[in-house]
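Engineer: One structure, as structure tokens, below. Some questions next.
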Number of protein chains: 2
Amino acid sequence: MKQVTIYDIASEAGVSVATVSRVLNNTAPVKASTRSKIMKLIKQHQFQPNALARSLLKKETGTIGVIVPDITNPFFPEVFSGIDHEARGKGFTFFLCNTHGEYERESQYLHILREKQVDGIIFMGGRINLTKCTPELVEEVAETAARIPLVLVNGNLPGTELHRVATDEGKGAAMATQYLIEQGHRDIAYIAGMSTTTTSAQKLRAFKRVMNQNNLDVPKERVLYGDFTMEAGERLMDEILRAPERPTAVLCVNDFTAVGAIKTAIKAGLSIPNDMTIVGFDDIPLASSIFPELTTVKQQMDQLGSQAFQVLHKLIMKEKVKRLTVIEPELVVRESSRELTP
Amino acid sequence: MKQVTIYDIASEAGVSVATVSRVLNNTAPVKASTRSKIMKLIKQHQFQPNALARSLLKKETGTIGVIVPDITNPFFPEVFSGIDHEARGKGFTFFLCNTHGEYERESQYLHILREKQVDGIIFMGGRINLTKCTPELVEEVAETAARIPLVLVNGNLPGTELHRVATDEGKGAAMATQYLIEQGHRDIAYIAGMSTTTTSAQKLRAFKRVMNQNNLDVPKERVLYGDFTMEAGERLMDEILRAPERPTAVLCVNDFTAVGAIKTAIKAGLSIPNDMTIVGFDDIPLASSIFPELTTVKQQMDQLGSQAFQVLHKLIMKEKVKRLTVIEPELVVRESSRELTP
DNA sequence: AGCACGAATGAAACCGTTTTAATTCCAGGT
DNA sequence: ACCTGGAATTAAAACGGTTTCATTCGTGCT
């Protein structure tokens, strides 16, 4: 079944392709009678212009690439949804590229997206979020960004000057810490992620800073390193409970970890928040689905997405736009935390 | 910054574009010396062939469209992940199209995907899952499927002969019902979704059938209709608890509803599963994240995805493939259910 | 009748590849 | 020295649109 082309329409209407193109994009006046004749044929043959041919010539595809480490992690669909919502009506379509955080895949997708002539790229997570990033990726991304508008979400590539939008995670962690202290907590543990990720490092730094500002010490054994998963949360909470002295509050690097922590705490017979306050980070949907609902620091993921798209769109339109957009975190107090009454 | 084309490479190497094309795709022998000369120039200029031009000619894009109602619903990322995993290495890229289940958006995306000449389409959820689907959509999808390989996931369009892969939801509901009965439950409530969706209708039918087969009655007030959300689960459980007699078990149309139900049950002072058994459907990640962990009927979402891609791929390759692929559900017994001891 | 002018249309170039058919090159056989 | 045949290469067409520039058409004015 051969595709119907603009030539078929033109010849059947007894006009030139230029005229058909004109009624298609109404880019120039066409006599009413010929216009309607052409329109009728278009309907009749269900003619659809071939976007490849158009894009080849116009040098724009109306397509943008979104690179995520793991679409299965609820964080990313939320951001994607923000992007989508913002882009709606502007006529863009999205390539979703799932990298599993592997350098090879990230690099490969960058390559593919360039070949497919996307108008822009939104790059999140994965390698972009390491304190020490592989120089190959840095170069690869920088090179891509030199050719195609590109924005980084919640990440950074040291040594480059890329556009990015990010939550102020340090501030979020500071807010949470401050909140815990105001609630009377003095002995607070922090369940971190891999120390090689900026996310985790930033938050830890902020946590320690606020503690120190309040003349509170952070002994080594009060910082535990996991890998952002629920299992890590379970395991590390187990470790915390095994220690001779139990902290009154635990701050977690993300919600998954916090949920894991709550699970083992409850299994160990504790009542949350009565026996222990647990605070997460991100506010993924899960946070408000569990019982007790999680007190957490909300990253406005939809904002992250919509801002990222806005920045990208300006880049595409060659408008001026600032390099860094920061999204403010918000403390969301729910049921997993309470004031410490001695 | 103009794009480097195959012409630039060719002229600089002093050969014709055909030769460059040949080393690119090694589609014909090229003398070693010229090959290496060309390769060097390609590296040097970082030349990347323009996929649009290639696709225009070859009539294949290596791109497939995935249409989902809501990427924020964890069900769909899981399926997507299955698709992605299966497709990995086969060199496909995916357009992710988020429709919010609106007919207009679905139709629009179908249009766009055709224009962009995708090699195939995987269509899930939304309107496809209604017992009475709008005839416009039916026609639109059928027409698209006539031109482009297309597979439906967990849905159907009555009156059409489309390829589809789906979980046997009726069987799943039957399994769950049977399990509850075997555990000694006699008074079982069912929290449904909108009665207009096939998902909900199928399950309800199976539930009633199995109950009847066991000589159990399903009074009208034991079937409550919601809209698949957690809030619906909360509200309907509230209604259940307000009734004079309380069922010993509640079967829910999906996990969200079940989690909502558990939440209000716990808030009302019940202990789950001691005071009431609650069973979900789907086994989204949330199901094993909450406390108590949810007993549920697992839809193998990764299977759904990978099978859908396999079918699609065969369609694209013009291989023969059967119209319907069914994925078996599995009962996953966790903590929210227990045997009824009188 | 002749002219000017804007509106409508057409011819052809162009976008960046792949591929077919034709051509050149070159070594080996006579 | 000439022919042959396969290997390497090229020229040009094709893919399906958009756009520039030129041309035709029709109308109102002198």
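Engineer: I'm checking my understanding of the structure. Among residues of segment A:155-181 that are at pLDDT below 95 and touching a Lys or Arg at 6+ places or on another chain (Cβ under 8 Å), which one is farthest from the other protein chains (Cβ to nearest Cβ)?
Structural biologist: A:Asn156
Engineer: Hey, A:Gly184 hits all of (1) in a helix (DSSP H, G or I); (2) modelled with pLDDT of 95 or more; (3) not assigned by TED's automatic domain parsing to the domain that holds A:Val311 but one; which does it fall short on?
Structural biologist: (1)
Engineer: Under 7 Å by Cβ, and 6 or more places apart or on different chains, what pairs join a residue from segment B:1-27 that is over 25 Å from A:Ala146 (Cβ atoms) with one that is near DNA strand D (Cβ under 8 Å from one of its atoms) and open to solvent by 40 Å² or more (accessible area, probe 1.4 Å)?
Structural biologist: That search, which allows pairs on different chains as well, returns B:Val23/B:Arg35.
Engineer: Tally up the residues in segment A:56-72 that are without any contact (Cβ under 8 Å) to a residue 24 or more places away in the chain and either within 8 Å of another protein chain (Cβ to nearest Cβ) or of a type in the set (Lys, Arg) (or both), please.
Structural biologist: Residues flagged as without any contact (Cβ under 8 Å) to a residue 24 or more places away in the chain and either within 8 Å of another protein chain (Cβ to nearest Cβ) or of a type in the set (Lys, Arg) (or both) within segment A:56-72 amount to 3.
Engineer: Of all residues in segment A:29-38 being of a type in the set (A, V, I, L, M) and without any contact (Cβ under 8 Å) to a residue 12 or more places away in the chain, which is most open to solvent (accessible area, probe 1.4 Å)?
Structural biologist: Applying the filter and picking the extreme gives A:Ala32.
Engineer: Of all residues in segment B:3-28, which are near DNA strand C (Cβ under 6 Å from one of its atoms), within 14 Å of another protein chain (Cβ to nearest Cβ) and open to solvent by less than 70 Å² (accessible area, probe 1.4 Å)?
Structural biologist: Within segment B:3-28, B:Gln3, B:Thr5, B:Ile6, B:Leu24 meet the criteria.
Engineer: List the number of the failed condition for B:Thr61; all other conditions in (1) within 14 Å of DNA strand C (Cβ to nearest atom); (2) open to solvent by 40 Å² or more (accessible area, probe 1.4 Å); (3) within 30 Å of B:Asp302 (Cα to Cα) hold.
Structural biologist: Condition (2) is where B:Thr61 drops out.
Engineer: Now a separate question. Can you report the number of residues in segment B:257-266 which are open to solvent by 10 Å² or more (accessible area, probe 1.4 Å) and more than 8 Å from chain A (Cβ to nearest Cβ)?
Structural biologist: Qualifying residue count, segment B:257-266: 1.
Engineer: While we're here: Tell me which residues, restricted to segment A:165-193, are charged (D, E, K, R) and in contact (Cβ under 8 Å) with a residue 24 or more places away in the chain.
Structural biologist: Residues satisfying the conditions are A:Asp168, A:Glu169, A:Lys171, A:Arg186, A:Asp187.
Engineer: Being among the hydroxyl-bearing types (Ser, Thr, Tyr), in contact with a helix residue (DSSP H, G or I) (Cβ under 9 Å, 6 or more places away or on another chain) and open to solvent by 40 Å² or more (accessible area, probe 1.4 Å) is the requirement here; does B:Ser306 meet it?
Structural biologist: No; evaluated as a whole, the condition is false for this residue.
Engineer: Checking A:Leu52 against (1) at negative phi; (2) free of Cβ contacts under 8 Å to residues at least 12 places away in the same chain; (3) more than 8 Å from chain B (Cβ to nearest Cβ), which test does it fail?
Structural biologist: Tallying (1) at negative phi; (2) free of Cβ contacts under 8 Å to residues at least 12 places away in the same chain; (3) more than 8 Å from chain B (Cβ to nearest Cβ), A:Leu52 fails exactly one: (3).
Engineer: Would it be correct to say that A:Ile290 is more than 14 Å from chain B (Cβ to nearest Cβ) and aliphatic (A, V, I, L, M)?
Structural biologist: Spelling it out, it is not the case that A:Ile290 is more than 14 Å from chain B (Cβ to nearest Cβ) and aliphatic (A, V, I, L, M).
Engineer: Follow-up question, since we're still on this one. What are the residues in segment A:115-136 that are at pLDDT 90 or above and not basic (Lys, Arg), if any?
Structural biologist: Those that are at pLDDT 90 or above and not basic (Lys, Arg): A:Glu115, A:Gln117, A:Val118, A:Asp119, A:Gly120, A:Ile121, A:Ile122, A:Phe123, A:Met124.
Engineer: Quick check on segment B:53-66. Is at least one of its residues assigned to a loop (DSSP other than H, G, I, E, B) and more than 41 Å from the chain's Cα centre (by Cα)?
Structural biologist: No - not one qualifying residue is present in segment B:53-66.
Engineer: Give segment B:282-305 a look and list any residue that's within 27 Å of B:Ala87 (Cα to Cα) and assigned to a strand (DSSP E or B), or say none.
Structural biologist: B:Asp282, B:Val297, B:Lys298
Engineer: Could you list, in sequence order, the residues of segment B:112-140 that are of a type in the set (Val, Ile, Thr) and closer than 23 Å to B:Asn73 by Cα?
Structural biologist: Result: B:Ile121, B:Ile122, B:Ile128, B:Thr131.
Engineer: Which of (1) within 8 Å of DNA strand C (Cβ to nearest atom); (2) more than 14 Å from chain A (Cβ to nearest Cβ) is the odd one out, the single condition B:Leu41 does not satisfy?
Structural biologist: Unmet condition: (1).
Engineer: Something else: Quick check on my filter: what residues within segment B:39-58 are more than 9 Å from DNA strand D (Cβ to nearest atom), open to solvent by less than 60 Å² (accessible area, probe 1.4 Å) and either farther than 30 Å from B:Val153 by Cα or at pLDDT below 95 (or both)?
Structural biologist: B:Leu41, B:Ile42, B:His45, B:Phe47, B:Gln48, B:Pro49, B:Asn50
Engineer: Within segment A:209-230, which residues are part of a helix (DSSP H, G or I) and surrounded by fewer than 14 Cβ atoms within 10 Å (Cβ to Cβ)?
Structural biologist: Within segment A:209-230, A:Asn212, A:Gln213, A:Lys220, A:Glu221 meet the criteria.
The values are calculated or read from the model by the stated rules, or taken from the named source; none is laboratory data. All figures in this text were calculated on a predicted structure; none of them were measured in a lab. Using ideal geometry, Cβ is built from the backbone for each residue, glycine included, and neighbour counts are taken over all protein chains shown. Protein only, heavy atoms only, side chains kept; ligands, DNA and RNA dropped before computing areas. Shrake-Rupley method; radii C 1.70, N 1.55, O 1.52, S 1.80 Å.
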